[in-house]
Amino acid sequence: MISQTTATKRVLVAKPRGYCAGVDRAVQAVEKALEQYGAPIYVRKQIVHNTHVVKTLEERGAVFVEETEEVPEGAIVVFSAHGVAPTVHQEAEARSLRTIDATCPLVTKVHNEARRFAAGDYDILLIGHEGHEEVEGTAGEAPRHVQLVDGPEGVASVQVRDPERVVWLSQTTLSVDETTETVARLRDRFPALIDPPSDDICYATQNRQVAVKDIAAEADLVIVVGSGNSSNSKRLVEVALDAGAGASYLVDDASLIDDAWLSGVTTVGVTSGASVPESLVEGVLAYLASHGFTDVQEVESVRESVRFALPHELRRDLRASP
Ligand code: SF4
């Protein structure tokens, strides 16, 4: 229940927000690798899409690279939560790299689905954003069977070999509502379209969208904490606006909030993407408090309890160490 006292400037904080189980695992994997093996630890791509997380890990000795060819032969490299194509594993093996695969298990699930449907010679319509690392990794599992569908507008240009053997899969961090629309349009064209065996949009993405919807309709402004390259964070801005927020902005941290956004505002909603540490949300709440927004209510929409074990290569070495 959201309460409203007269004329107070209030803040509604969405819950769940921030770190998901896959991000927590990936960040911990780099931290534990630094403790176990010492710096430098190489990380292919940003371990998670958050500027602050990357900077903090860099300060501790992580070296972020774009491709495995930048990693010295024999060194340790961590693959990010977004997953990699099989060719990246092959390149790493060719360079004798020691790999720690921090791919989120829920991304691995989609990779497995892509492999399985490709083995059955289905055309796989992968709904996702062109150029996103996760999409490149998933498509790389079955490059001859996968074609990308970038939202509802991408449906018209899809061509399949056999309309009776078509399945859709998706990136894990999409807007649930927009994906529903994309699938409906695909099904109009291909009535025999097969659904994934279970939701590809992950629990954390879905829950954060439900939670922001629950506060957006009452908010004159929704501030989403997250980085500009974070798919799930950007979706939260869109969902907030669709759900009735007066305005919504994505900020990396409190220093990027424009005072003008608060003009005439009495209720501010706050949430954060799945790769955002809580300290950055606390910074935003402190900024808002300093501008008179002192009535802070947390609105819990869904309770989360998902946890993932560390990557097995790391667990093995941690177990073996004294
Ligand atoms: S957003 Fe979802 S798929 Fe991505 S790392 Fe988090 S739990 Fe895994």
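Here Val160 fulfils each of the conditions (1) in contact with a strand residue (DSSP E or B) (Cβ under 8 Å, 6 or more places away or on another chain); (2) within 23 Å of Leu106 (Cβ to Cβ); (3) more than 13 Å from the ligand (Cβ to nearest atom); (4) outside any helix (DSSP H, G or I) apart from (2).
Quick one: would you say Glu282 is acidic (Asp, Glu), under 30 Å from Ser170 (Cα atoms) and surrounded by fewer than 23 Cβ atoms within 10 Å (Cβ to Cβ)? Even if it seems obvious, please write down each step before you answer.
Details: acidic (Asp, Glu): yes; under 30 Å from Ser170 (Cα atoms): no; surrounded by fewer than 23 Cβ atoms within 10 Å (Cβ to Cβ): yes.
Here the answer is no, as Glu282 does not meet what is asked.
Take the residues in the range 98-128 that are part of a loop (DSSP other than H, G, I, E, B) and under 26 Å from Ala21 (Cβ atoms), then tell me which one is nearest to the ligand (Cβ to nearest atom).
If we filter the range 98-128 for residues that are part of a loop (DSSP other than H, G, I, E, B), which is where we start, we get 102-104, 120-122, 128.
Right, trim to under 26 Å from Ala21 (Cβ atoms) and you get 102-104, 128.
Details: Ala102: 9, Thr103: 9, Cys104: 3, Gly128: 12 Å.
So the residue we want is Cys104.
Reported count of residues in the range 58-73, each being assigned to a helix (DSSP H, G or I) and either in contact with a Phe, Trp or Tyr (Cβ under 8 Å, 6 or more places away or on another chain) or farther than 25 Å from Ala274 by Cβ (or both), is 4. Here Asp220 fulfils each of the conditions (1) closer than 27 Å to Ile201 by Cα; (2) in contact with a Ser or Thr (Cβ under 9 Å, 6 or more places away or on another chain) apart from (1).
Of all the numbered requirements in (1) in contact with a Phe, Trp or Tyr (Cβ under 9 Å, 6 or more places away or on another chain); (2) in a loop (DSSP other than H, G, I, E, B); (3) among the acidic types (Asp, Glu), Asp24 misses one, and that requirement is (2). Whenever a residue of the range 287-316 is under 30 Å from Leu34 (Cβ atoms), its partners that are of a type in the set (Ser, Thr, Tyr) and within 16 Å of the ligand (Cβ to nearest atom), lying with C-beta atoms within less than 7 angstrom and at least six residues away or across chains, give the pairs Val306/Tyr203. Within the range 9-28, residues that are over 24 Å from Val54 (Cβ atoms) reach partners that are more than 8 Å from the ligand (Cβ to nearest atom) and modelled with pLDDT under 95 with beta carbons closer than 9 Å, at six or more positions or on different chains, in the pairs Arg10/Ile2; Arg10/Ser3; Arg10/Gln4; Leu12/Ile2. Of the residues Arg185, Arg144, the single one that is of a type in the set (Lys, Arg) and in a loop (DSSP other than H, G, I, E, B) is Arg144.
Condition first: of a type outside the set (A, V, I, L, M), within 16 Å of the ligand (Cβ to nearest atom) and in contact (Cβ under 8 Å) with a residue 24 or more places away in the chain. Now tell me which residues in the range 199-229 satisfy that.
First, pick out the residues of the range 199-229 that are of a type outside the set (A, V, I, L, M): 199-200, 202-203, 205-209, 213-214, 218, 220, 226-229.
Adding the requirement that they be within 16 Å of the ligand (Cβ to nearest atom) leaves 199-200, 202-203, 205-209, 226-227, 229.
Within the range 199-229, Asp200, Cys202, Tyr203, Thr205, Gln206, Asn207, Arg208, Gln209, Gly226, Ser227, Asn229 meet the criteria.
Looking across Gly269, Gly292, Gly283, one residue alone is assigned to a loop (DSSP other than H, G, I, E, B) and either touching a strand residue (DSSP E or B) at 6+ places or on another chain (Cβ under 9 Å) or farther than 30 Å from Phe79 by Cα (or both). It is Gly292.
Does Arg25 satisfy the condition of being modelled with pLDDT of 95 or more, closer than 25 Å to Val110 by Cα and not aromatic (Phe, Trp, Tyr)? Here the answer is yes, as Arg25 does meet what is asked. Screening Ser80 with (1) over 21 Å from Val30 (Cβ atoms); (2) in contact with a helix residue (DSSP H, G or I) (Cβ under 7 Å, 6 or more places away or on another chain); (3) free of Cβ contacts under 8 Å to residues at least 60 places away in the same chain; (4) within 16 Å of the ligand (Cβ to nearest atom) gives one miss only, at (1).
The values are calculated or read from the model by the stated rules, or taken from the named source; none is laboratory data. Because the structure is predicted, anything quoted here is derived from the model rather than measured. Backbone-built Cβ (ideal geometry, glycine too); neighbour counts: all protein chains shown.
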